[in-house]
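Working notes for the structure below.
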Amino acid sequence: MTASPHFLNRPVSRRAVLGGLGALGVTGLLAGCAPSGGRTDITFFMSKTEVLEHFTELISEFNSSQSNVRVILDSSSNIAATFVRGNPPDIACFTYNLEMARFMERGALSDLSDVSIASQIRPEVQELVDQYATYPGRTSVIPWSVTAAAVIYNQDIFEEQGLEVPRTWTEFTEVCEALVAAGITPIYGTYRDPWTIAQGHFDYTVGGSFDTAEFFEKMKEQGPQVGIDSSVSFQKDFFEPMERMVQLNEWSNQNAASRGYGEGNFAMGAGEAAMYMQGPWALTEIEKTAPDARLGNFPLPMTDDPDDLRVRVNLDLALWIPEESQKKDAAREFLEFLTKPEVQDTYNQQFLAFGTRQDAPPQEDPRVAELQSFYDEGRFYQGPSKAIPLTIPAEGYIQAMMTGSSIEGTLRTMDNDWRRLAVRS
Amino acid sequence: MSTPTITTVAEPAAQRAPDEKSRRPRRKVGQERTSWGATILLLLAAVTVIVPLYVTVMMSLKTDAQAVDGNAFSLPLPLDFSTFARAWELTDFPRAFGVSVFVSAVAVAGTVILSALASYAIVRNWSHRLFRWSFFYLLAAMFLPFPVVALAQIKMTGTVGLDNPLGVAFLHIMFQMSFSILLFTAFLRSLPEELEESARLDGATTGQTFWRLVFPLLAPMSATVAIFAFLASWNDFMMPSLITSDPALQTLPVVQSLFQDQFTANYNVAFASYLMAMAPAIVVYLFTQRWVLSGVTQGAIK
């Protein structure tokens, strides 16, 4: 109780404390106001960690190229919170998925059908946006960058073993058996991180088997009726792909259940396995430890017809301008800058992605170039795991199936969840 | 302990005792039996602190390639100090740190003062139904986790212009109040009311009684409450990330989240940044540990 004399001798302590509080508060408020110098300040939301530096450079290039608009980068806000509060960013370059589609569906994103790039976007790519949701009469989202994911394979191992890239499921099983016979782990699994199974094994086996966009369209229509008697259901349509997904276990590393994404990247760099079910984001991570690894990509075949081969794509980055933004014109000016062919193509080339315009140049990086023809021919699908609302813990269910749970029981649970969610909303 | 050198059995015990006492410490120096059990326990306790700290320091000095080679314990050779510069730049460290300090300072001061005031009013007016029920009302907030009311809070703070660190600090105070009031009221009940009566006899008003007598007496509990409030606000991620609208006024934990997402991990830069966030606390402790420890034992003796 050494504090008592101190307080007894200073009767003004309350005023001092309150004064201090007030002073601190004013400091905090003042820090929020910065002089803008006659320019329109717009907030640009972009939260993809690995490309932050690239965008910082783009922004400073744009800011110094003209004197009307100043772009301020926001990479840490919570996007849902900004909409709730009513001050969303003026423009965003953001991953487009089911969660983001909810805002679009409710008309929170403004119409961009008259920006110059809108007419140049490939229709199949714009279709990816519409698969989630649409808003009548609007082009609310401009696809900017698409990433394609498939099976990453070690070209050195394939060459040493005299193996060809498989184009049918039978060929794929033969490749795996040949690798096992040679004492090489065919596939590296990282089941400790559930998302790696969901976007890899799950999406590839389902997406390679049938048209998932159509399936989810019907699932939405059926909604509250989904179950054993409905025309489509997880139990009915996913059973066979799931059996194959679990079959991949036979050709995976024994310790897959205890390995995570980081360990998987390191193992692939060290050549510990021949194949890895990951997207291009893993390639840049593998590059950190193995800059010279010769890696390629092929879509996982699920049927015995090579024409059925398709790759998994996702709208890695898409541009949108919220309806609530007070500075739409300034935001559009920046959008026009970002959609200049040289800006967009440089990004896609550098970060192993694919362009979205009809005249976009092909990807030249040998690690993903093999996927170009599939992308050009429109032989792609969006990951089915991304079409399931986050309210249903699909990643956990998928991980459970992969590590031994009953496929039938788990799919029935997913149907029940889907139905309950449809009844509720 | 037996003293074989003394052989005279007839020697009076009273005479021998002081003699032995003065000799005993001298003879035991360097010959004390080590308590291995306690030593091992202490070693284990030390390891739980030293190992993570070692990994933090080593990791922060690694290059990008070394950081992901799956060997956290390896020595970082050659040393790479550029991680600190990158972390400093990426997080805009001084600003984020300043915002964190501001939020925590307001939250701690507000929690201690408001909870102490409320507890004093409640405990000394326990017979009034209004105060009794307000106590239960305040306690009920303990069952209200932030995520449940998050959307409403975001909307309201936005409406009244508190979508900034000050609003975050206010919300921290609010969420910390119920637990702090629980601690303060329990402590206040153990304080003799006679002390306050004597102050009243000397002519002190209620305010003077509180500020000059009760609040200083509450000091040990204020320290506890302050520590809880500090930890809750300093380490919080979710509330500032949702409430603060200006990204330039974001707190340290939120800004640091940019080092790791699902697809990439920059462990080396992340740990350099964590180390910088930890450094002030460690440095302060190194210089003040004498007072910190004396404070602990002082409380124990009393």
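Give me the pairs: first residue in region A:384-396 and at pLDDT 90 or above, second residue hydroxyl-bearing (Ser, Thr, Tyr), beta-carbon distance under 8 Å, and six or more apart or on different chains, which are they?
Every condition considered, the pairs that remain are A:Pro384/A:Thr212; A:Ala387/A:Tyr132; A:Ala387/A:Thr212; A:Ala394/A:Ser385; A:Glu395/A:Ser385.
Each row is one residue, and each column tells you yes or no for (1) farther than 20 Å from B:Ser233 by Cβ; (2) without any contact (Cβ under 8 Å) to a residue 24 or more places away in the chain; (3) assigned to a helix (DSSP H, G or I).
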position: B:Trp126; (1), (2), (3): yes, yes, no
position: B:Phe131; (1), (2), (3): yes, yes, yes
position: B:Ala141; (1), (2), (3): no, no, yes
position: B:Ala152; (1), (2), (3): yes, yes, yes
position: B:Lys155; (1), (2), (3): yes, yes, yes
position: B:Asp163; (1), (2), (3): no, no, no
position: B:Val168; (1), (2), (3): no, no, yes
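Could you list all residues from region A:348-370 that are touching a helix residue (DSSP H, G or I) at 6+ places or on another chain (Cβ under 8 Å) and closer than 19 Å to A:Val129 by Cβ? Show your work before the answer.
From region A:348-370, those touching a helix residue (DSSP H, G or I) at 6+ places or on another chain (Cβ under 8 Å) are A:350-365, A:367-368; that's our starting set.
Scanning region A:348-370 gives A:Ala353, A:Phe354, A:Gly355, A:Thr356, A:Arg357, A:Gln358, A:Ala360.
So which residues in region B:87-121 are crowded, with 22+ Cβ neighbours inside 10 Å and more than 30 Å from B:Pro280 (Cβ to Cβ), if there are any at all?
B:Ser119
Go through region A:162-226 and tell me which helices (runs of 4 or more DSSP H), entirely inside it, have 3 or more residues that are surrounded by fewer than 19 Cβ atoms within 10 Å (Cβ to Cβ) and assigned by TED's automatic domain parsing to the domain that holds A:Met414.
Working: elements: A:169-181, A:194-197, A:203-207, A:212-222.
Filter on region A:162-226 gives A:169-181, A:212-222.
Output the residues belonging to region A:63-103 that are more than 23 Å from A:Leu315 (Cβ to Cβ) and not β-branched (Val, Ile, Thr). Break it down into steps so the answer makes sense when it comes.
Within region A:63-103, the first condition is being more than 23 Å from A:Leu315 (Cβ to Cβ), and the residues that meet it are A:63-70, A:72, A:84-87.
If the condition is that a residue be more than 23 Å from A:Leu315 (Cβ to Cβ) and not β-branched (Val, Ile, Thr), then A:Asn63, A:Ser64, A:Ser65, A:Gln66, A:Ser67, A:Asn68, A:Arg70, A:Arg85, A:Gly86, A:Asn87 are the ones that fit.
Determine, yes or no, whether A:Ser76 is modelled with pLDDT under 85 and within 13 Å of chain B (Cβ to nearest Cβ).
Values: modelled with pLDDT under 85: yes; within 13 Å of chain B (Cβ to nearest Cβ): yes.
So A:Ser76 passes the test.
If I filter region B:53-71 down to residues being among the aliphatic types (A, V, I, L, M), under 17 Å from B:Ala87 (Cβ atoms) and within 14 Å of chain A (Cβ to nearest Cβ), which single residue comes out as nearest to the chain's Cα centre (by Cα)?
B:Met59
It is to be established whether one or more residues within region B:190-208 are touching a residue at least 40 places away in the same chain (Cβ under 8 Å) and either surrounded by 20 or more Cβ atoms within 10 Å (Cβ to Cβ) or within 14 Å of another protein chain (Cβ to nearest Cβ) (or both).
Within region B:190-208, not a single residue is touching a residue at least 40 places away in the same chain (Cβ under 8 Å) and either surrounded by 20 or more Cβ atoms within 10 Å (Cβ to Cβ) or within 14 Å of another protein chain (Cβ to nearest Cβ) (or both).
So A:Asn348 fits all but one of (1) assigned to a loop (DSSP other than H, G, I, E, B); (2) crowded, with 20+ Cβ neighbours inside 10 Å; (3) in contact (Cβ under 8 Å) with a residue 60 or more places away in the chain; what number is the exception?
With (1) assigned to a loop (DSSP other than H, G, I, E, B); (2) crowded, with 20+ Cβ neighbours inside 10 Å; (3) in contact (Cβ under 8 Å) with a residue 60 or more places away in the chain applied to A:Asn348, the lone miss is (1).
One line per residue, one yes/no per condition, for (1) part of a helix (DSSP H, G or I); (2) without any contact (Cβ under 8 Å) to a residue 40 or more places away in the chain:
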residue	(1), (2)
B:Gly70	no, yes
B:Leu77	no, yes
B:Glu89	yes, yes
B:Thr111	yes, no
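Sort out which residues of region A:267-298 are under 18 Å from the mean Cα position of the chain (by Cα) and surrounded by fewer than 20 Cβ atoms within 10 Å (Cβ to Cβ), and write them in order of number.
A:Thr284
Assess whether B:Ala107 counts as being away from every other protein chain (no Cβ under 14 Å), small (Gly, Ala, Ser) and either under 30 Å from B:Ala265 (Cβ atoms) or touching a helix residue (DSSP H, G or I) at 6+ places or on another chain (Cβ under 6 Å) (or both). Even if it seems obvious, please write down each step before you answer.
Values: away from every other protein chain (no Cβ under 14 Å): no; small (Gly, Ala, Ser): yes; either under 30 Å from B:Ala265 (Cβ atoms) or touching a helix residue (DSSP H, G or I) at 6+ places or on another chain (Cβ under 6 Å) (or both): yes.
Taking the combined requirement at face value, the residue does not satisfy it.
The values are calculated or read from the model by the stated rules, or taken from the named source; none is laboratory data. It should be emphasised that the depicted structure is a prediction, and the values quoted were computed from it without experimental measurement. Cβ coordinates were reconstructed from backbone atoms using ideal geometry, including for glycine residues, and neighbour counts include every protein chain displayed.
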